[in-house]
1. So for region A:112-215, what percent of the C-alpha to C-alpha distances run longer than 18 Å?
2. Sum up the charges of everything whose Cβ sits under 12 Å from the Cβ of residue A:29, counting Lys and Arg as +1 and Asp and Glu as -1, but leave residue A:29 out.
3. Taking square-rooted eigenvalues a ≥ b ≥ c of the alpha carbon gyration tensor, is region B:96-202 rounded, prolate or oblate, where a/c under 1.5 means rounded and, failing that, a/b exceeding b/c means prolate?
4. Take the alpha carbon atoms of region B:69-102, find their center, do the same for region A:157-215, and report the distance between the two centers in whole angstrom.
5. Under 5 Å between amide H atoms, partner at least 5 residues away or on a different chain: which partners does residue B:202 have, H built in plane at 1.01 Å?
6. Nearest 10 degrees is fine. How inclined is helix B:15-31 to the longest principal axis of chain B, computing both from alpha carbons?
7. Taking θ as phi - 60°, what are the ³J(HN,Hα) couplings along region A:19-24 by the Karplus curve (6.51, -1.76, 1.60), each to the nearest whole Hz, with x for Gly and Pro?
8. Taking every Cα atom in region B:73-141, find the radius of gyration and the maximum pairwise distance Dmax, and write them in Å.
Amino acid sequence: MTATQMESVAGAPAALLAQGISKHYGRRRVLRDVSISLPAGALVGIVGENGAGKSTLLRILAGELRPSAGSVALRGALGYCPQDVVLNEQLTVAQHLDYFRAAYRAPDLRRADELVERLGYARYRQTPVSALSGGSKQKLNLTIALMHRPAVLLLDEPYQGFDWETYLRFWDLASELRADGCAVLIISHLVYDRSRFDQLYTLSDGELRRDTTAA
Amino acid sequence: MAVTSAEATRGQGSITGAWLTATRYSLIELARNRFAVGLLIVFTPLWYFMLGALIDNAPVAFKYAPTGAMFQVNSHQLTLLTAGLNVITLIVGFLMFAQTRGGAAFDRRLILCGYRQWTLMAAKLAGMVVVAALVALYGALALLLFWRPDSLPLVWLGFFSAALIYGALGLLIGAVVRSEVAGFFLVIMVSLFDTFFQNPVENPLANKPVLRYFPSYGSTQVMVGGGFTHGVALGGLWVALGWAVALAALGLLGFWLRSRAWNGARHVG
């Protein structure tokens with residue numbers, strides 16, 4: 001796929017374009033011919049009930065899982081926040097940030113430090129993950145996805161375990177990312193505030209439908 | 001030109017730097033396994049004491065491979081050596097199993113974020129070698145509380161080679177066995193059978209040719225050489241290293257298969 005094709009599909013520069021994604025495990029079809037374009041600077045939501053295939057789709061978009069059919073094209077660096085908190089219980093917050101700095105080949109930790117401050121868990125920098133609360137673990141899970149300033153951000157139920165204040169901070173952050181040109185995709189089984197999204201989709205029985213009632 | 005997303009985001013970071021970082025965190029993680037560290041500190045001398053107390057000083061024939069002859073060794077001292085081998089293999093096997101199995105999702109995330117699989121694999125190996133060396137050192141030093149062997153460095157070498165074999169076995173089991181209970185059980189049973197059979201005091205079938213094909217055979221030869229002769233059982237050392245390399249290769253293959261991501265998204269622009 002070429003850059004020209006990516007731009008032409010969405011009508012605006014697409015940061016991520018997935019076409020004809022299907023996934024089946026044996027005879028069970030989880031995703032059927034799903035196509036989605038994430039324009040740069042857009043906040044896109046996918047809602048669906050538990051078991052609708054949301055996480056499977058996100059794992060395919062993130063490159064973690066191979067689809068049975070279809071393709072994914074990506075422009076720029078990718079950030080992915082999985083639904084399950086994937087951290088190392090033995091390492092501290094600071095050690096996680098340093099470890100993922102090496103993974104991303106990031107020159108420094110300025111952005112990571114800023115995120116830790118903004119999400120309000122800087123006092124736990126030297127605390128091992130095993131001693132963190134569920135909410136703090138989720139904040140670190142999110143920080144890791146964001147710390148390398150990705151062009152495309154895929155978030156799977158990102159605000160699970162957040163208190164109200166952190167939930168609001170999260171949306172401030174998401175709005176800033178959108179303003180900076182980042183394509184943000186959030187999947188959730190519940191969307192409290194539809195007006196926050198530029199585009200909203202519903203995933204049901206493995207099929208993705210654009211929700212035109214979104215703001 | 002289209003390249004994969006992973007390649008595009010990887011850049012030109014220093015492989016050595018990434019390897020050192022991963023090795024450091026691998027070691028920190030292993031050191032923070034409090035259960036295993038506690039087991040090592042308390043259980044090792046206790047095991048020496050208990051098994052040593054059970055066996056008296058009667059002579060027993062041991063077939064020493066470098067000379068091809070049977071020679072008489074002290075049953076009590078030989079049992080101390082095999083007790084050390086038993087506890088060291090259990091602890092290193094358990095440590096590597098717990099780390100590999102428990103860290104599978106985390107390793108996959110690191111790889112998805114740009115860590116090279118080979119770098120993480122090399123770091124796991126380095127961590128395993130350091131831990132095997134340190135656990136073997138503690139086992140050798142704790143032995144001094146009960147007996148002074150002829151050559152402590154050679155006893156350490158025997159312990160170290162066995163620790164490498166069982167570290168590699170733990171890595172392999174951690175990469176391929178999904179159930180935690182089944183994995184622990186496998187490490188324990190293999191270690192118990194293997195080290196038990198090497199000791200002619202506990203097992204009348206010891207010294208039989210078939211024991212050459214057991215994982216800790218080579219290490220036992222090196223260890224007994226150090227314990228009673230100052231001699232280096234080089235053949236045994238090579239056999240032990242062969243086991244360690246073969247099991248580590250299989251373990252790394254399992255790790256590679258389990259931790260790889262699709263990374264098939266095409267990167268454009």
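1. Details: 2735 of 5356 pairs.
Percentage above 18 Å: 51.
2. Details: positive: A:23, A:27, A:28, A:32; negative: A:33, A:205, A:207.
Its environment carries a net charge of +1.
3. Values: a/c = 3.29, a/b = 1.71, b/c = 1.92.
Oblate shape, in that a/c is at least 1.5 and b/c is the bigger or equal ratio.
4. 55
5. Those qualifying (amide H under 5 Å, at least 5 residues apart or on another chain) number zero.
6. 50
7. 10, x, 6, 10, 9, 9
8. 16.5, 56
Where a number appears in this text, it was derived from the coordinates with a stated rule and is not lab data. Everything numeric here is computed off the predicted structure, so don't read it as measured data. FYI the Cβ positions are ideal-geometry reconstructions off the backbone, even for glycines, and counts take in every protein chain you see.
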